[in-house]
Every structure is written in structure tokens, then in C-alpha cells.
Amino acid sequence: MALQVYNTMTKKKEDFVPIVEGRVGLYACGVTVYDLCHIGHARSAVVFDIIARYLRFRGYEVKFVKNYTDVDDKIINRANKEGVSITEISERFIREHDTDMSSLGIERPTVTPKATENIDGMIRLIQTLMDRGLAYRADGDVYFAVDKFKGYGKLSGRDPEEMMAGARVEVAEKKRNPLDFALWKASKENEPWWESPWGKGRPGWHIECSVMSSRHLGETFDIHGGGEDLIFPHHENEIAQSEGATGKPFANYWIHNGFIRIDNEKMSKSLGNVFTIKEILRSYHPEVVRFFMLQSHYRSPLDYSDDALKESRAGLTRLYTALKGIRDRLSDAATPVLSPDALSGRAKDVFDRLGEFRRRFIEAMDDDFNTARALGAVFEAARLLNAFMSDKGFKGAPEEVFVLKAAEDRLREFGAVFGILKEEPDAFFGKNRAVEVAKRGLDVAKIEGLIAERNAARAAKDWKKADEKRTILAEMGIVLKDTAAGTTWNFEL
């Protein structure tokens, strides 16, 4: 099966055929760096990180470009409010963004351009649009003339005439058409500016991405992406100005991720339901956040809640538990030199089924990056392995060790595409536990002291006291597990 991608432009799934065989040019709109990143930014970042990872998994050489918008009204307003330069604001929040992305396990894009580093290219593109009669000056501003570009509205499916009828024309409006958008804005007091043929000013938002994407990927490239809120007007305007200047298609495939909703409500600052990545990572392991997003198709809306994160933590824990079972059984065993053809019986069946799960994983991801269905194949593999390892006939024979090593490699391979299962199981469990301890305001020394008292009571056959200590721990949400190696503890998931 060929990789199929849902193209927002055509409103259907299409076979993915890159411009250059074996290579993919991918551009995703980045953040405007004036504040901390929130869970909505996290979703878009995780979606395109996984898309890039999977394309590489499929053998493509991927050039992934994701920009920083570092000049914008919101940045200027914050800089003026704090009495600092826009550079100080943008650099501060670029650092915060990069820290958040690293925490989430987001692989750094190939190129991360800044808008302010590409002003000359924006001026050249605007001049080209003016030379072609697609842009006009108005009191130091420059606007794109929407009615001069045939096909405006083709990405969003909006009819320009209907939009015109519903548009509100403000008094003393400089634009010839309410739909026209700014390419260049004349300098105002307390705003940064650059010299241009139209006077001192700064670029409009839409022109920035057109220039940064084409600079690094060419006039026509493979995939342009972002959140669905960018379809109109941002991406629609990018298409108009880019194709208006070159006469060529801008991007061949358009990919957009769905919104995050908070407890079934739209996320917005006015509702006070915006959660920053930093806040969330104080309560949950980064891989739990990624796992939460994997469970829904990227184009679907995603409901964020504490319960949803807890369920995701439980699901990811099941996968790490399977990995731990494998690691425990492989700890003292050398990997035997065997050929899959030498396997027989139960070992051969499990090995063959692991191959089938891999085929199903690829089939799901080839179907427009369907992570939810692909994750189902991963869970089936984990269940198969747990049953295999708990089978009374399991003796740790060379054939069985060979299969377990292959299984670990397979789970890690799936995890590498999703950006999960990167840690050793014990490290993952320990970090999860530490996060939960901090979240609940508990004292690890007290917990371990109670466990020690319970174990001492058990050793003295004082079962009443041992039960009392277990009850106290249970009321703290702590689950004990007694093993031959000792007592371990975790939180109830």
C-alpha cells in the first residue's frame, strides 16, 4: 500500500508522490514568540514531529522547516508593556519554546528560520507582486489585491464574493477590497521598522511564511502544514501571494491538525482554560502527553482533561511493563545466534505474529498517519508478548530469548516513530513516580518508612500491624507489589 495523505486542498486522501524521489520538503508554521507555549502548540508540534519521523522511517530524506514569527503585533505590545526591545521578548520565548519542545521529545527541525532574518526576501517578493499588478500602495502600507488573483479561496473552500458580502468595511479604510491583506505595514510610533521602497515599516504576517518556506524548500515543495485555524486566512493568503508571484503551485499537499478542547470546551484565554506545556509537565511525564495525542487521529478534535491524561499514563505504563518483562528475562541471557528459519513451535508463531503487527503498523500509518490504529497494533504485540512470557512452558530457551530480543527491537522501533518508549522501564516508572509524589505533595521518606514498618511486621508475623500500614499507604493512593526481590511501590493508575 502506498502512503496516502489527506490533502486539505482537494478534500480527499491522495497517494503521496514527492517532487524528488526519496526526498520530502516539509514546512510547518511555527509559533509567534510572545508567550509560553500551551497544549495546543504541543499538539501541532507532536503531529508534525511524528509525520517527519514516519517519513524518515519509510526511507525518505526529510528537510523539515519550521519558523519562528519574531515580529508581530503581540510581540510589539508585550515589548512596549515591559519597556524592552522586541528582540529581548522574542529571544526569551524562543528559548522557552525550545526547552518545551525538547522536554516533549520533539526532534529539532532541519531549519528553524526567524522572520526578522528574512526581511530582504519579503521586500523582494512584495516588489514582484507589485510589478505583476497584484499589490498596491496605500499611505505607506502595501496590500495584496485579492480580486486580481484567480482561485482565492480554493484551500478553505470559501467563495470570495460571499466573503465580500459579509465583510465589514471600516470607515476611512485604505484597502480597495475588504478582503485585501497587508504585505507591508508603515512604521508607527514605538514599533520596529526596516527600510523599504515604500518607506520605513515592517512585514505583514502572511508574507513571512511564503518567503521562509520558499527560501529553504523552493518555489514549489511537497507538504505545508499547521493547525486547522491557519487554513483561513493565513494559508489561503500564503497561496495567493506565493502563486501570484511565481505562477507555480505553492505546495502539493496541505496537512492540518485538529483543535484541542479543554473539558469539551474550546481552549481560549478568555475562558481561562489555557494550560501551558510547563504546567502539564509538572504533573505528567512528557511521553504520557505524546501518548495522549497518539490515541486520536491528527485531524480529529482532541479533548484534554486530567482524566484523559491519567488514562494515557495507564496505557503507556502497560507498554513499559511489557518492555520491563522482556528486560528482566534478557538481563542475564546472551542473544543467541539464530536464524528466524530455525524457529519452531510457539517461538515461531510469536515471531511471525510480530512481523504481522509490524505490517499492520505500517498499513495504519500509511493511511494518512493513523496513529490511533497503529497504536492498536502495538498494544496487540504487547499483549502477545505478555502471554508468551507468562506461559508455563516458557523456559528461557535460546529460541525464546531470540524472540524476546526481536520483540524488544520491534517495540523500540514502534516507539521511535511515536517518540515514546525511549527510556529504560525502571527509569520511566521512577520518573512517573517522582512526578506524582511532587504533584500530591507527599514525602518519599515517609512512604518508604511505612513500607519498611510493614515489612518488619510481616517478618514478625504481626499481620494486623502489616495490614494497618498497607491501609495507610492505600489511602495515599499507593499500590504495593511483593516480589522475591522485595517490595516495590507505585501509585494507583
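The values are calculated or read from the model by the stated rules, or taken from the named source; none is laboratory data. None of the values given here were measured: they were computed from a predicted structure. Don't worry about glycine lacking a Cβ; one is built from the backbone with ideal geometry, like all the others, and counts go over all protein chains shown. Accessible surface is based on the protein model in full, side chains and every heavy atom, while ligands, DNA and RNA are left aside. Shrake-Rupley method; radii C 1.70, N 1.55, O 1.52, S 1.80 Å.
The table below lists the values:
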| quantity | calculated |
| --- | --- |
| Debye intensity ratio I(q)/I(0), log10, the stretch 1-157, q values 0.08 Å⁻¹ (C-alpha model) | -0.33 |
| The stretch 104-193 pair-distance distribution - Cα-Cα, 5 Å bins, rounded % | 2, 11, 16, 19, 16, 15, 10, 6, 4, 1 |
| On Cα atoms only, tilt of 345-366 relative to the major axis of the chain in degrees | 20 degrees |
| Charge context of Gly22, other residues only, Cβ under 15 angstrom, K/R +1, D/E -1 | +1 |
| Cross-link pairs Lys13/Lys154; Lys74/Lys114; Lys310/Lys431; Lys324/Lys431; Lys114/Lys150 - those with Cα-Cα distance over 21 Å | Lys114/Lys150 |
| Asp141 long-range amide H proximity, modeled H, under 5 Å | Ala186 |
| Projected label distance in nm at Lys395 and Lys248, using a 7 Å step from Cα toward the beta-carbon | 6.6 nm |
| Mean Cα-pair separation over length for the chain, i.e. relative contact order, pairs under 8 Å, 6 or more apart, % | 15 percent |
| Net lengthening on full extension, Thr128/Arg92 (0.36 nm per residue, minus Cα-Cα) | 9.5 nm |
| Amide proton proximity set for Phe259, modelled H, under 5 Å, gap of 5+ | Leu302 |
| DSSP beta bridge pairing in the chain, given as percent antiparallel to the nearest 5 | 50 percent |
| Cα radius of gyration and Dmax for the chain (Å) | 27.5, 92 |
| Convex hull volume of the stretch 184-304 per residue (C-alpha atoms, cubic angstrom) | 171 Å³ |
| Reciprocal mean inverse distance between Cα atoms of the stretch 415-491 - Kirkwood radius, Å | 13.9 Å |
| Compactness of the stretch 1-94, expressed as Rg and Dmax over alpha-carbon positions, Å | 17.5, 57 |
| Normalised contact order of the stretch 152-244, rounded percent, pairs of Cα under 8 Å and 6 or more residues apart | 29 percent |
| HN-Hα J in Hz across the stretch 177-189 - Karplus 6.51, -1.76, 1.60, θ = phi - 60°, x for Gly and Pro | 9, x, 7, 4, 10, 6, 9, 9, 10, 4, 4, 10, 4 |
| Interatomic Cα distance distribution for the stretch 338-462, bins of 5 angstrom, percent | 2, 9, 14, 14, 13, 11, 11, 9, 8, 5, 2, 0, 0 |
| Residue pairs, from the table Lys422/Lys469; Lys174/Lys248; Lys395/Lys481; Lys11/Lys266, whose Cα atoms sit over 28 Å apart | Lys422/Lys469; Lys174/Lys248 |
| Mean residue ellipticity (222 nm) of the chain, computed from DSSP H runs ≥ 4 via -39,500 (n - 2.57), nearest 500 | -16000 deg cm²/dmol |
| Dimensions in Å of the stretch 369-416 - Rg and Dmax from alpha carbons | 12.3, 39 |
| Dipole magnitude of the chain about its Cα centre (Cβ charges: Lys, Arg +1; Asp, Glu -1), debye to nearest 20 | 860 debye |
| P(r) histogram, all alpha-carbon pairs of the stretch 41-108 included - 5 Å bins from 0, percent | 3, 15, 21, 18, 15, 12, 8, 5, 2, 1 |
| Heavy-atom accessible surface of the stretch 180-247: percent carbon and sulfur, 1.4 Å | 47 percent |
| 3J(HN,Hα) from dihedral phi, the stretch 439-451, Karplus parametrisation 6.51/-1.76/1.60, rounded to Hz, x for glycine, proline | 4, 8, x, 9, 10, 4, 4, 5, 4, 5, x, 5, 5 |
